[in-house]
Every structure is written in structure tokens, then in C-alpha cells.
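Presented below is the structure to which this report refers.
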Amino acid sequence: MWTQIDVSFLPVPDPNQHDPEVGKQGWGYLPYNDPDLLEWFESVGYQNKIKTVFEIGTFAGYSATMFLEMFPFLEKITTIDPNLFSVKAGVALKEKYGDRVEFVNSSSGTYKDRDQVDLVYIDGNHQDPRPQKDIQMALQMKPRFIMMDNIELPDVRRAVKMNNLFNLEHDPKYFYYTNEHRGRRQPGIIGLFKNVINR
Ligand SMILES: C[S@@+](CC[C@H](N)C(=O)[O-])C[C@H]1O[C@@H](n2cnc3c(N)ncnc32)[C@H](O)[C@@H]1O
């Protein structure tokens, strides 16, 4: 199946606008034009009737758009990012999707709400101690699923182990993707941890 989503309304990522001090690994995003990944997103959202999502790490708004376009039952996504560049993404998302999206210009370290959601997507700072703290924050939201990017990175892997997030059951074909950042092709692995609150 061939799938694509329109991201032309979002700000174009520019290394000069993006604050490299925020999160250090702040540059990067899911390959929104990868049909396999989009198809996998759709099946996760559809099969599990995901209505609410909380996202850590908006960046240019690509993954938020993937949720909004590919999750057929999605009623609301809240996405947070402390980077000033992401404010533009927040405005663009709001203009297009209205009440279905809320952007908060905040880091996970200072964000206080813990409203229950169906799925938390963690894709902020991938260096110790943030992945561990972000998983703890996610667990407080009592989600059925945690989706986490770059689980191949050592600090993320360690945080996943520390929290016993082992129920990683999806087709491995969709866990691995490659993307181009600053002219270099990099691999990434996205994990979906199921039955999080019933562990
Ligand atoms: C890899 S990018 C996110 C990409 C986006 N999820 C996508 O796929 O389109 C990481 C983002 O996390 C943000 N970030 C870093 N530390 C954060 C934190 N503690 N809380 C929330 N966002 C954070 C950075 O500013 C950066 O924009």
C-alpha cells in the first residue's frame, strides 16, 4: 500500500534556527514519507482505537502530524517541546487541526499535567537521565502504550530495561527505519510497548 502525508504546512527544519543546546540530540524526526512506517502507525492507531496521545518532543511537528493523519480515532494529541523553533510548528498544527492538537512550549522536566492518555510517544532528549525520567513521567499518565524512538541508543536502552518495558510485540519489520539528517543516513528503531498499565 502506498501512503503519504502532507507536511508542507509545517516549518522547514533549519539547523540555524534550532537551538542545539536544547536536548543536544534535538535535530531529527521520524521519516514521515516512509510508507511502511505510516502503515504501521495506522495499524497501531486503528487496531487499538487510540483516542489520546501525549508526545514528548514536537520538533517541526512531523510525528504529531503522523498521529493526526494516521490514527483514525484520534481525538486529541498534546505535544510538548521547549525549543523556540517548535513554537512555529505548534501554531501551524493548531491552524490545521484546531482542538485536536495542543502544543505546549515546555520541557518534560517542567511539565506538570499527568492526565491519563492512551499512548505516550517519547522522542525528546535521548541522553541520561532524560529517557529514564520521561518513561517515569509517561507511566504516571497510565497509558496503554508507550511508543519510544531510538531505543537502539544506549541510554534509551538502559531506561527501557530499568522500567521493565519488555512487552514489545509488534512486527519487527516496522521497528527499523533509516532517515537522512544533515546529509547522513542514520538508522533508528522505534519501539511500541504494550499493556503498559497491566504489567
Ligand atoms: C528528535 S526531535 C523530535 C522529532 C519529532 N518527534 C518528529 O519525529 O517529528 C527531539 C525534540 O525534543 C526536544 N526536546 C529535548 N529535550 C526535551 C524535553 N526534556 N522535553 C520535551 N522535548 C524535548 C528537542 O527540542 C527536539 O525538538
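Results, tabulated for the structure shown:
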read-out	value
Some residue of region 63-72 being among the small types (Gly, Ala, Ser) and either in contact (Cβ under 8 Å) with a residue 40 or more places away in the chain or surrounded by 20 or more Cβ atoms within 10 Å (Cβ to Cβ) (or both)	yes
Pick from region 88-126, criterion of a type in the set (S, T, N, Q) and under 14 Å from Ile56 (Cα atoms), ranking: modelled with the lowest pLDDT	Asn125
Residue pairs meeting the criteria (Cβ under 9 Å; at least 6 apart or on separate chains; first at positive phi, in region 186-199; second at pLDDT 85 or above)	Asn195/Arg144; Asn195/Phe145
Pairs where the first residue, in region 73-87, is part of a strand (DSSP E or B) and the second is more than 11 Å from the ligand (Cβ to nearest atom) and among the polar types (S, T, N, Q), C-beta under 8 Å, 6+ apart	Lys76/Thr52; Ile77/Thr52
Among (1) over 22 Å from Ser8 (Cβ atoms); (2) surrounded by fewer than 21 Cβ atoms within 10 Å (Cβ to Cβ), the one test that Gly45 misses	(2)
Test set (1) away from the ligand (no atom under 12 Å from the Cβ); (2) within 17 Å of Asn83 (Cα to Cα) - Arg114 fails condition number	(2)
Residues within region 42-80 that are out of contact with any strand residue (DSSP E or B) (no Cβ under 9 Å at 6 or more places or on another chain) and either away from the ligand (no atom under 14 Å from the Cβ) or of a type in the set (Phe, Trp, Tyr) (or both), tallied	9
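The values are calculated or read from the model by the stated rules, or taken from the named source; none is laboratory data. Keep in mind it's a predicted model, so treat the numbers as computed, not measured. Positions of Cβ are backbone-derived with ideal geometry, glycine not excepted, and every protein chain shown enters the neighbour counts.
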